[in-house]
Every structure is written in C-alpha cells, then in structure tokens.
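In what follows, a structure is listed as structure tokens, so that the remarks can point back to it.
What follows draws every value from the coordinates through simple rules; no lab data is involved. All values derive from a computational prediction rather than experimental measurement. Here the Cβ positions follow ideal geometry from the backbone for every residue, glycine too, while neighbour counts run over all protein chains shown.
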Amino acid sequence: MNGRDTTYLAHVAKAIRAIDDYLTDVTEDVFVRTPMIRDAVLRNLEIISEASRRLSDNLKDRYPGVPWTGIAGAGNVYRHDYDEVDDAVVWQTATAGLESLRELLRHEL
C-alpha cells in the first residue's frame, strides 16, 4: 500500500471512530432531534466520502465489496443537496453501513 492510501485510510478510520463516539448510547430518535450530533456525524461522513475519492484505484480494486461509488456520491448529497438528506439513511449508514470500510481498515492498517 502506498503512503497516500495510508494517509487517507487513517482519515477514514479517525472519522469512523468519531462517529462511533458521537453515537455512543444515542438512539435514532435522539440523533434526529439533536442537530449537533447529526451535524457532527454528517461532517465525518463527508470526510469519509472525500478521503475515499483520494484512494488509489489499486486499493479500491482489492475491495470490490465496498460501495465506492455510493460513498463518493453520498458526499455530494451531504455537501450540495443537503436539503435532500434523509435522517433515516444517515442513521443507517452511521450505525450499520460502514462495516465494509471497517473490514478494509482491519486488513490495511
């Protein structure tokens, strides 16, 4: 793995840890009703999206189970179509949708 991939995977790992910290003992209802938590989670999902765009094709090709296009596209929605962000989808992503990235990080870092 090249140094660039290592750097951006570290950003992904840090963002996932932050999301996990923000959501400790938080229910979906609390998430939806607490703008500060929601905004913090969204910001870290944006970071994951942007970092994923900067990873090498070689690394991405080794992990075809990771939804790379969806991760990149979600960041566009968070940044540009923010009025269309669905809280239920964000909750699902933050609580269950990051598993393929977690698995990648276990192997690569």
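On the basis of being under 13 Å from Ile19 (Cβ atoms) and either hydrophobic (A, V, I, L, M, F, W, C) or surrounded by 15 or more Cβ atoms within 10 Å (Cβ to Cβ) (or both), does Ile48 make the cut? Steps first, answer last, please.
Details: under 13 Å from Ile19 (Cβ atoms): yes; either hydrophobic (A, V, I, L, M, F, W, C) or surrounded by 15 or more Cβ atoms within 10 Å (Cβ to Cβ) (or both): yes.
Yes; evaluated as a whole, the condition is true for this residue.
Kindly indicate which of Leu42, Leu23, Leu9 is of a type outside the set (Gly, Ala, Ser), over 13 Å from Val90 (Cα atoms) and surrounded by 14 or more Cβ atoms within 10 Å (Cβ to Cβ).
Among Leu42, Leu23, Leu9, only Leu9 is of a type outside the set (Gly, Ala, Ser), over 13 Å from Val90 (Cα atoms) and surrounded by 14 or more Cβ atoms within 10 Å (Cβ to Cβ).
So is Arg53 surrounded by fewer than 17 Cβ atoms within 10 Å (Cβ to Cβ), at negative phi and touching a Gly at 6+ places or on another chain (Cβ under 8 Å) or not? Give the steps one after another, and end with the answer.
Numbers: surrounded by fewer than 17 Cβ atoms within 10 Å (Cβ to Cβ): yes; at negative phi: yes; touching a Gly at 6+ places or on another chain (Cβ under 8 Å): yes.
In short, yes.
Only one of these is among the charged types (D, E, K, R), without any contact (Cβ under 8 Å) to a residue 60 or more places away in the chain, out of contact with any Asp or Glu (no Cβ under 8 Å at 6 or more places or on another chain) and under 18 Å from His11 (Cα atoms): Arg62, Arg43, Arg33. Name it.
Testing whether each residue is among the charged types (D, E, K, R), without any contact (Cβ under 8 Å) to a residue 60 or more places away in the chain, out of contact with any Asp or Glu (no Cβ under 8 Å at 6 or more places or on another chain) and under 18 Å from His11 (Cα atoms) leaves just Arg43.
Restricting to the stretch 69-95, name every residue that is buried (at least 18 other Cβ atoms within 10 Å of the Cβ), hydrophobic (A, V, I, L, M, F, W, C) and either over 17 Å from Phe31 (Cα atoms) or free of Cβ contacts under 8 Å to residues at least 24 places away in the same chain (or both).
Ile71, Ala74, Val77
Tally time: how many residues in the stretch 22-59 are over 13 Å from the mean Cα position of the chain (by Cα), in a helix (DSSP H, G or I) and among the hydrophobic types (A, V, I, L, M, F, W, C)?
Summing the residues that are over 13 Å from the mean Cα position of the chain (by Cα), in a helix (DSSP H, G or I) and among the hydrophobic types (A, V, I, L, M, F, W, C) in the stretch 22-59 gives 6.
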